[in-house]
Amino acid sequence: MIKAVKGFRDILPQEIPLWRRVEEEARNLFEAFGYSELRIPVLEKTELFKRSLGDTSDIVEKEMYTFQDKGGDSVTMRPEATASMARAYLEHALYHSDPVGKYFFFGPMFRHERPQAGRLRQFHQLDVEAFGYLSPSLDAEVICLLDTLYRRLNIRDLTTLEINSLGCRECRPRFREALLEFLDGVKEALCPDCQRRRERNPLRVLDCKEKSCQEVLQDAPDISQHLCQDCQEYQGQTLAYLDSLGVEYTINPRLVRGLDYYTRTVFELTTTHLGAQNAVAAGGRYDDLLKQIGGKDIPSIGFAVGVERTVMLLEKRRDLPQGTPFHCYLALLGGEATKEGFNLAQKLREKGIRLEMNHQPKSLKAQLRRADKIKAPLVIILGEEELAKGTLIVRNMAKGEQEERPLEDLEGLVGYIKKEVES
Ligand code: ATP
Ligand code: MG
């Protein structure tokens, strides 16, 4: 028996209603906020991720599905969407049609990490990117969009929104110096990964999940003390917009995010309800990214929502969304009735009736059991006797009542089914 690849998971029919709930709410909301859908490919040139995420990011260092294709090119299965979205935006010069480009994407991402609950090798993200503006009200709008999505899904109370500013080209280097100096003094106490990070990308040390590192870092310098005037004002205005809407957040001066491309506003939605996993969504401003991948200098901001983890939060709620129910089951008795019923099923389905029919010679009792199992509120019964009379029987399973109707009258039957199902 061949099983699925480790870390690659099937999403089974009973889980689909939750996924659809998230996807539909997100699509509606993203469109209400002015975002259009943009679909990016699974494969990109490896160089795109190396240049945007940074050589020292976890993703580039150890998590990418990278291989040589048959032509000898190094390609990578997208580990995240922002780099691809930015590439698409630049490649098609979308900034010509509108100086502000707001796009969303939903799809699978691929990272080779250790699979566990809430951590997969193929997982899904909802992704939002706004290219073209540097404005505190836009940052606040993007954060508010994330907040609204979780409120609409009724799981915002299971999460905390953390916000920080990472500074800009001017002030970040100054903070980096101060941090380096501090890390120099505590280097013996850092984990081996952080020893390496310290040399290559010291900011990332702040993101380390090792307890020992977190303890040492308690006394690390605080980025908020190093922000330039512009960055301070920018953050103040962003937060004021959020306050005006009553969005709840905490400022976490340790929040750095694992990727190189972020500048100024960064944020993360975290939870304590998913065991070892605490991040459900994250994002930030990336004013230098488009230039870094060879494009125009265009400030931008975005976020990504982890859909598996969001679905896991939804599962904590009662009143879970259910799948689309059938309207009726078509029970058929005898060869002639089956032939007639086969055609009737097609006609009813074309009229929008969700119907399942019997395909095997079975007793009426067995067929009614199946109808019950698939939770069909109505059963249409067609046997040799009804066929001879030119009728069929419609049975309301809940009421235990049934009615005989003319087989000919399709319109009447459709109307009757819809009325019975709605009542
Ligand atoms: P983590 O700290 O859990 O590794 P991350 O910082 O690598 O998360 P991001 O790159 O910010 O995650 O991706 C945004 C969201 O995508 C995360 O908040 C999370 O919900 C989800 N996500 C990331 N990696 C995985 C994974 N391997 N499996 C499932 N969801 C994931
Ligand atoms: Mg990760």
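Worth a mention:
- Positions within region 368-382 being over 12 Å from Gly334 (Cβ atoms) and surrounded by 14 or more Cβ atoms within 10 Å (Cβ to Cβ), in sequence order: Leu368, Arg370, Ala371, Ala376, Pro377, Leu378, Val379, Ile380
- Enumeration of residues in region 270-299 that are among the polar types (S, T, N, Q) and away from ligand 2 (no atom under 16 Å from the Cβ): Thr272, Gln292
- Some residue of region 149-156 being away from ligand 1 (no atom under 13 Å from the Cβ) and closer than 21 Å to Ala83 by Cβ: no
- Of everything in region 115-145 that is in a loop (DSSP other than H, G, I, E, B) and more than 9 Å from ligand 1 (Cβ to nearest atom), the residue that is surrounded by the most Cβ atoms within 10 Å (Cβ to Cβ) is Gly132.
- Filtering Glu233, Glu268, Glu248 for residues that are modelled with pLDDT of 95 or more, open to solvent by less than 60 Å² (accessible area, probe 1.4 Å) and of a type in the set (Asp, Glu) leaves a single hit, Glu268.
- Those residues of region 40-81 which are in a loop (DSSP other than H, G, I, E, B), over 30 Å from Glu141 (Cα atoms) and among the acidic types (Asp, Glu), in sequence order: Asp55, Asp69, Asp73
- Here Ala81 clears all of (1) hydrophobic (A, V, I, L, M, F, W, C); (2) out of contact with any helix residue (DSSP H, G or I) (no Cβ under 9 Å at 6 or more places or on another chain); (3) open to solvent by 10 Å² or more (accessible area, probe 1.4 Å) except the condition numbered (3).
- Here Gly258 fits the description: within 16 Å of ligand 2 (Cβ to nearest atom) and either in contact (Cβ under 8 Å) with a residue 40 or more places away in the chain or assigned to a loop (DSSP other than H, G, I, E, B) (or both).
- Near pairs, Cβ below 9 angstrom, 6+ apart or cross-chain, from region 13-39 (part of a loop (DSSP other than H, G, I, E, B)) to any residue that is of a type in the set (Ser, Thr, Tyr): Phe33/Thr148; Tyr35/Tyr103; Leu38/Tyr89; Leu38/Tyr103
- Any hit, region 103-116, residues being over 19 Å from the mean Cα position of the chain (by Cα) and not aromatic (Phe, Trp, Tyr): yes
- Here Gly275, Gly284 are screened, and the one residue that is open to solvent by less than 10 Å² (accessible area, probe 1.4 Å) and more than 8 Å from ligand 1 (Cβ to nearest atom) is Gly284.
- Matching entry among Phe267, Phe303, Phe326 (being in contact with a strand residue (DSSP E or B) (Cβ under 6 Å, 6 or more places away or on another chain) and over 24 Å from Thr56 (Cα atoms)): Phe326
- Out of Glu420, Glu385, Glu403, Glu408, sole residue that is assigned to a loop (DSSP other than H, G, I, E, B) and either open to solvent by less than 90 Å² (accessible area, probe 1.4 Å) or not aromatic (Phe, Trp, Tyr) (or both): Glu408
- Qualifying residue in region 53-67 (condition: in contact with a strand residue (DSSP E or B) (Cβ under 8 Å, 6 or more places away or on another chain), hydroxyl-bearing (Ser, Thr, Tyr), within 15 Å of ligand 2 (Cβ to nearest atom) and under 20 Å from Phe8 (Cβ atoms)): yes
- Which numbered condition Glu37 fails, given (1) crowded, with 17+ Cβ neighbours inside 10 Å; (2) modelled with pLDDT of 95 or more; (3) charged (D, E, K, R): (1)
The values are calculated or read from the model by the stated rules, or taken from the named source; none is laboratory data. If you're wondering where the values come from, they're calculated on a predicted model, not measured in any experiment. With ideal geometry, Cβ positions are generated from the backbone for all residues, glycine too; neighbour counts draw on all protein chains shown. When the accessible area is computed, the model is the full protein with side chains, heavy atoms only, and any ligands, DNA or RNA have been set aside. Shrake-Rupley method; radii C 1.70, N 1.55, O 1.52, S 1.80 Å.
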